[in-house]
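Each remark here refers to the structure printed beneath this line.
The values are calculated or read from the model by the stated rules, or taken from the named source; none is laboratory data. Everything numeric in this text was worked out from a predicted model, so none of it was measured. Neighbour counts are summed over all protein chains in view; Cβ atoms, including those assigned to glycine, are modelled from backbone coordinates with ideal geometry. All accessible areas refer to the heavy atoms of the entire protein, side chains included, with ligands and DNA or RNA removed. Shrake-Rupley method; radii C 1.70, N 1.55, O 1.52, S 1.80 Å.
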Amino acid sequence: MAARAWDFDRTMTLTCTINSRDTIDLEVTRQWSKGAELIAYKGHLDKPSKYSEILSTRNKFSLLIKNLTVSDVTSIYQCQYSFETCTKGLNIDTENFEYPPSDKTTQVLYNYTTEGNPFIQLHFTKVFPLPNCTVKIQNKQFNFQVNSVNNHTIYLEVKLIYTFESEIVCDLEPNVVCHLIGDYPIHIEKFKPCKKKNVNLVVVLVPLFSICLLISLVVCVVICIRRRIHSKKTPEREYQEVNQNSQNNNKMVHGRYLNDRLGCFICIVAIVQDIGAQNIVYFEKGESVVIACNVSPTSWCIWDGPGVNGSEFTTYSDMTTIDQRLPNAHRLTIIGNISVGEYNLHISNVSSEDEGYYRCSCMDMDIHERPMEATVSLKMKVPPSNLTVNGENTGVIHGKEGHQLDLNCSVEMGKPEESILWYNSSLLLGKGGPRTFTWSIVPQRYDHERTFTCIVNSSALRVPLNKSIMLDIKFKPYTTISVKPTKLSRIEGSNGMICCEVQSNPPVLFTWLLKNNGKLEIGNSINNCFVFPSFNRNDSGHYTCLAGNNIGRSNSSNELNILYPARVTVNYSLRPDYIDFTCNVAGEPNNYSFLPWIHESEFHKKIRLFNGTRLGTLPVQRTNNISKQYEDSGYYICRVSNGIPDMNGKKVQKGMTFVTFEGPPTFLLGNTKVQYGAFDNTASLWVQVYSNIELLSCTIRRSDRQNNETSYTEETRVIGYVVFHGVKVMVLGSKLLFDVYINRNDDFTNYTVKVCNKKGCIYMTLELRANNNNTKSMSFVNSSWQILGSLFGGSLFISLFWNIYCFLKRKKNSGIHTIVPLEVQYDEIGDINFTSANIQVLQNNARESISSVNLQGLERTSNICSSLDKSSSSDSSEHSQSISLLNEDGYEHPYQTIDLGNIEMHPYTTVWSNLYQNTTIFPNQIMTNYDKERNPWLIIYKK
């Protein structure tokens, strides 16, 4: 709660800010209280002429107080919204409170100081804060000085003064301005204590002054001439001599001499100058007192003290000499540096006998000006005593709320005068005295048991006197309703209690807690608290606490607001071109945030998002294509949040409705258009379809229409996928089975499936193919040809194999071996019989036959036979190699090159080797082209 700067007789605005809300709910309880007085409740004002309520569009509401008074400023205010309260007193400081001066509270005084200087005094009886005043005169600005300040409850009593250093001209209009929070001009008439007033005074006094002056001069001249004639001595020397004689004769004559000496100007002092300001010096018994008198070094000074035998003054000293005839002469001394003009009277061990007036009179002997005097009153201190408050010492003062109560503090007066102060704790309320000081208050309930202290200060006291009293203020009950644990509002499902808190003096006679004007049962009550094990939204309502005592009764009311999450329902209506959805929400608070709507499939697959309106409505355009209208089917979900979580901690609540749009069936994704069957069997053809209404017919027929339509034989429910608005979604569809019997070759063909509901039909063509691993001969003729073909092929293969075998057999019997190139396969050498002791020489008929061999044909024959003899040759080669001799590099003995031109041999020569190989070298003329390319070459015959 905050307040802007204010002053009296004007307006003040109090503002209550609800930090937990963005806006003010006009249905929720809001009220203003001043102390125990209810002044505003939901816009209903107790005093419309005094108060006004101001509502803002945000989270604030204000109270306007008109014609501000002291009571308005000193009271405690409370603003309340729902169960939240704020109690606060106004913080009076120099920044937000102003009690400006007015003509009624401002007094202007004019006068002269004792030195003859004019001054202006401003007396403000009520002002706050302390003013800073300036006076502008003759284009010069001067500041007022604070003379005195008295602190009251909410204002100050201030005296300001400004003294001019010289005389000023008459008929001027000083410009005085005082600055508080603002600037306030102080109206002052033409300046009055000016030269004209002095002129009038002179006119009156001049005759008297002239006569007195003339007589005085004549008397002085006569006396002076007589003294000059009588003695040629200087006044100083004469004084010294007379003083010496008086000391010898124990006589005191300097008093007489001083009268003679000063007689020429006493009349002047009496007429021209008053005695002057009198200062008071207080002392305690036994102290030493020094009364200072500072003049020019060429001055002649005497000290006079309290008179004896009824006289006003008695001469105490002449210059530095003390009259020893005085009873207290042993305690008197003139101290100070006389060479600089210090003639200070020192009195030791003072007592009540020393009380009285002391006067220092001095005259400058060089210029013979009129004597100057200073008078001091010396008084012994007497401490104040017997402090009482309201005439009793019980320590308690009784009062009643709203009725004035006087706090009176009295003492037996002391010397010097004491000051009396009233404090409220550490706050100074006011200052007064001497002897007694009364402070009046109008107590409120919050002043009950508050301590007030009276303090008496005096320089005669070593420790100030003080007495504290406690106020016993009787007031009617003050009630408040609170929720515990303390929160602005309660969330449904939480526990807590509503408490009726009462402050009362004397104690209350009854306390009731009401809900909607009905008294609550006390079965769940504990110490004026009604317990809720679990708050329910039905517990919301208007609660009132009512209490009374013998002073009066009071009540306070508030709204209990149970917060609960939004409860969401959705309904819709079909329009020709769109679907109109409405989101109905009920929750507390009723500030809802609508999130984008969701369109989901039957299995809650998200299809689309929509941005609805801020009021919770959503228009959705319908699909124009009749075959696609089923895509608009599904759940339409409204999502809302009011910031209150549900039992699962979720702040976003959902409401949904399911919409179905009838349309033709559609095939599910993943249907197989090529399917298989077996001859002389029944093939089960199938399709999967989706329809949100009942299927009327499902048939299959050959695409060439050579058979009749047949219906499905079985329907099962399956989960499949279709496309809704470009999104693949899961749906619950049907799998339809069709039995097709295959007994002809042309039954493997295309079939058309037709599925219909009341909205239309759809078609799909299936291709039926034969299974490869289960195909039967389609005719007797085909089977026969297969058998004959198999027999003919087998016979041909056997005949071919037999001819090759016979050919190889004959070739083997002829003794011819195949020529094998050495570099290709030198290890394929015919079997060598190591058991033979010698190698027979070829017969002539054999050599003849060899000489006529056709080498090309032999090559071809050898290629065929080599494969037949490979196994035996390999075995022989391995056996031969195992016993052959090896060179250093691990190979067998290489064949040596034979130069046919350099050797002479018989055309048929037998070569013996260590390996017992029978090698025959053909003559050159029978070498073929192949043999020429291979030089050297060998032909090995297998024995």
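What's the number of the only condition in (1) open to solvent by less than 60 Å² (accessible area, probe 1.4 Å); (2) on the phi > 0 side of the Ramachandran plot; (3) outside the structural domain of residue 579 (by the TED database) that residue 692 fails to meet? Against the list (1) open to solvent by less than 60 Å² (accessible area, probe 1.4 Å); (2) on the phi > 0 side of the Ramachandran plot; (3) outside the structural domain of residue 579 (by the TED database), residue 692 comes up short only on (2).
For region 443-471, give me each residue that is assigned to a strand (DSSP E or B), farther than 27 Å from residue 381 by Cα and in contact (Cβ under 8 Å) with a residue 40 or more places away in the chain.
The answer is 452, 469, 470, 471.
Here residue 653 fits the description: more than 27 Å from residue 732 (Cβ to Cβ) and in a strand (DSSP E or B). Scanning region 534-551 for residues that are open to solvent by 40 Å² or more (accessible area, probe 1.4 Å) and over 33 Å from the mean Cα position of the chain (by Cα) yields a count of 4. The residues on offer are 619, 664, and the sole one that is touching a strand residue (DSSP E or B) at 6+ places or on another chain (Cβ under 9 Å) and assigned to a strand (DSSP E or B) is 619.
Regarding region 601-623, can at least one residue be identified that is small (Gly, Ala, Ser), under 21 Å from residue 642 (Cα atoms), out of contact with any helix residue (DSSP H, G or I) (no Cβ under 8 Å at 6 or more places or on another chain) and without any contact (Cβ under 8 Å) to a residue 40 or more places away in the chain? Checked against the condition, which is being small (Gly, Ala, Ser), under 21 Å from residue 642 (Cα atoms), out of contact with any helix residue (DSSP H, G or I) (no Cβ under 8 Å at 6 or more places or on another chain) and without any contact (Cβ under 8 Å) to a residue 40 or more places away in the chain, region 601-623 yields at least one hit. Identify all residues within region 11-41 that are over 18 Å from residue 87 (Cβ atoms) and open to solvent by 60 Å² or more (accessible area, probe 1.4 Å); write none if there are none. Within region 11-41, 22, 23, 26, 27 qualify.
If the condition is being under 12 Å from residue 642 (Cβ atoms) and in a strand (DSSP E or B), then region 547-599 contributes 563, 564, 565, 566, 567, 568, 585, 586, 587, 588, 593, 594.
Exactly one residue among 276, 305 is of a type in the set (Gly, Ala, Ser) and modelled with pLDDT under 85, and that residue is 276. Evaluated against (1) in a strand (DSSP E or B); (2) under 30 Å from residue 183 (Cβ atoms), residue 71 falls short on exactly one condition, (1). Which residue, of 727, 722, 718, is crowded, with 19+ Cβ neighbours inside 10 Å and outside the structural domain of residue 636 (by the TED database)? Matching residue, one of 727, 722, 718: 722. Return yes or no: is residue 737 open to solvent by 10 Å² or more (accessible area, probe 1.4 Å), of a type in the set (A, V, I, L, M), touching a residue at least 60 places away in the same chain (Cβ under 8 Å) and outside any loop (DSSP other than H, G, I, E, B)? Considered against the rule, which asks whether it is open to solvent by 10 Å² or more (accessible area, probe 1.4 Å), of a type in the set (A, V, I, L, M), touching a residue at least 60 places away in the same chain (Cβ under 8 Å) and outside any loop (DSSP other than H, G, I, E, B), residue 737 comes out as no. Return the pair list, or none, for Cβ contacts closer than 9 Å from residues in region 342-364 that are in the same structural domain as residue 299 (by the TED database) to residues that are open to solvent by less than 20 Å² (accessible area, probe 1.4 Å) and among the acidic types (Asp, Glu), at least 6 apart or on different chains. Listed pairs, sorted by first residue: 347/354; 357/304; 358/304; 359/304; 360/304; 361/304. Note on region 314-349: among residues that are touching a Gly at 6+ places or on another chain (Cβ under 7 Å) and part of a loop (DSSP other than H, G, I, E, B), the one that is modelled with the lowest pLDDT is 343. Taken together, the criteria exclude residue 628 from residues that are out of contact with any Gly (no Cβ under 9 Å at 6 or more places or on another chain) and open to solvent by 40 Å² or more (accessible area, probe 1.4 Å). Could you list, in sequence order, all residues of region 103-116 that are assigned to a loop (DSSP other than H, G, I, E, B), open to solvent by 30 Å² or more (accessible area, probe 1.4 Å) and at pLDDT 75 or above? Within region 103-116, 103, 104 meet the criteria.
Just to be sure before I move on: is residue 371 at pLDDT 90 or above and buried (at least 18 other Cβ atoms within 10 Å of the Cβ) in the structure I sent? The answer is no for residue 371.
Among the residues of region 350-369, write down those that are part of a loop (DSSP other than H, G, I, E, B) and either among the β-branched types (Val, Ile, Thr) or more than 17 Å from residue 284 (Cβ to Cβ) (or both). 350, 365, 366, 367, 368, 369 - these are the residues of region 350-369 that are part of a loop (DSSP other than H, G, I, E, B) and either among the β-branched types (Val, Ile, Thr) or more than 17 Å from residue 284 (Cβ to Cβ) (or both).
Tell me whether region 55-64 contains one or more residues that are part of a loop (DSSP other than H, G, I, E, B), among the β-branched types (Val, Ile, Thr), open to solvent by 60 Å² or more (accessible area, probe 1.4 Å) and at pLDDT below 80.
yes
Somewhere in region 752-772, is a residue modelled with pLDDT under 85 and farther than 30 Å from residue 609 by Cα?
yes
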